[in-house]
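Step one of this worksheet: look at the structure below.
Read-outs: derived from the displayed coordinates by stated rules, not from any lab. Since the model is a prediction, treat every value here as computed from it, not as a measurement. As a convention, Cβ positions derive from the backbone with ideal geometry for all residues, glycine included, and neighbour counts pool all protein chains shown.
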Amino acid sequence: MPRSTPDIESSDVPQAPNLARIRCVVTAVADGASTIEQIAEETDISSRHVGYAIRAAQTLGLLDKSRAPTPLGRKLLDTDQESEEERQAFCTSIEESAIMKAIAPALLSSRAPTKKTLGARIEKLSGLSKATAEHRASDLLAWREQLLEHRLDLPLGPPQPSEPSEQSAPSEQSESKTDGE
């Protein structure tokens, strides 16, 4: 049976770069906060950013459409903050999310997707503008960094060429030396 891509609205593409904030919002909801204002007051996060974190938590399957914690959300809350178990819970939520599978299937792979490649995929699937799609791609790459920063066996940044291109212009080579030093 052919695999279909879910319909992706622009609001389905996460715009919350900080996983700790997403966890705070899920915690506040689990503790009884039900409105954006209550969650904002409980978490000391602006209402606008609470909205972004709620949508991200829903995309990740941590909160359902009615903003109640899902079993995956409760599993996340059963972990200690900044623990390997918390990182694994977030990784599982990313890997199991139909939306994340569609927009960022290689987010947690051994080779990081580039911002440009990820942005183009988001733009194509969601209809977001190129600039907005690349901004959202940066947010997702921030998740990758937060989740994999402790893994010394995986590169965090964009893929690096195995050897410098002989056809690179001298000005490009000197710019990269300046940026890297």
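Length gain on complete extension for the stretch Glu84 to Ser11, per 0.36 nm per residue less the alpha carbon to alpha carbon distance?
Working: separation 73, 0.36 × 73 = 26.28 nm, distance 2.91 nm.
Length gained between Glu84 and Ser11: 23.4 nm.
Among Ser10, Ser66, Ser129, which comes first, second and so on when ranked by fewest other beta-carbon atoms within 10 Å?
Numbers: Ser10 14, Ser66 7, Ser129 11.
Going from sparsest to densest Cβ surroundings: Ser66, Ser129, Ser10.
Can you give the Rg to Rh ratio for region 10-148, taking only C-alpha atoms and Rh from Kirkwood?
Numbers: Rg = 14.2 Å, Rh = 14.9 Å.
The Rg/Rh ratio comes out at 0.95.
For Ser138 and Ala30, what does the FRET efficiency come to when R0 = 41 Å and r is the distance between their Cβ atoms, rounded to the nearest 0.05?
Values: r = 29 Å, r/R0 = 0.70.
Once the sixth-power term is evaluated, E becomes 0.90.
Name the residue from Ala57, Ser83, Ala102 whose Cα lies farthest towards the positive end of the charge dipole of region 10-148, charges +1 on Cβ of Lys and Arg and -1 on Cβ of Asp and Glu.
Ala102
Rg(Cα) of region 41-102 divided by 2.2 N^0.38 Å? Can you show the working numbers first?
Details: Rg = 11.9 Å, N = 62, 2.2 N^0.38 = 10.6 Å.
Dividing the Cα radius of gyration by 2.2 N^0.38 Å gives 1.12.
Once the other residues with Cβ under 15 Å from the Cβ of Arg74 are scored (Lys, Arg +1; Asp, Glu -1), what is the net sum? Write down the numbers at each step before the final one.
On the way: positive: Arg23, Arg67, Lys75; negative: Asp31, Asp64, Asp78, Asp80, Glu85, Glu86, Glu96.
Overall, the nearby charge balance is -4.
Could you list which residues have their amide H under 5 Å from that of Leu63, counting only those 5 or more apart in sequence or on another chain, with H placed in the peptide plane?
Gln58, Thr70
Give me Leu140, Leu148 ranked fewest to most by other Cβ atoms within 10 Å of their Cβ, as a rough exposure proxy. Walk me through the numbers before you get to the answer.
Values: Leu140 24, Leu148 19.
Least crowded to most crowded, the residues run Leu148, Leu140.
Can you give me the three principal axis dimensions of region 91-142 from its C-alpha atoms, in Å, biggest first?
29, 20, 14
For the residues Cys24, Cys91, what sequence is obtained by ranking on other C-beta atoms within 10 Å, fewest first?
Values: Cys24 19, Cys91 16.
Exposure proxy ranking, most exposed first: Cys91, Cys24.
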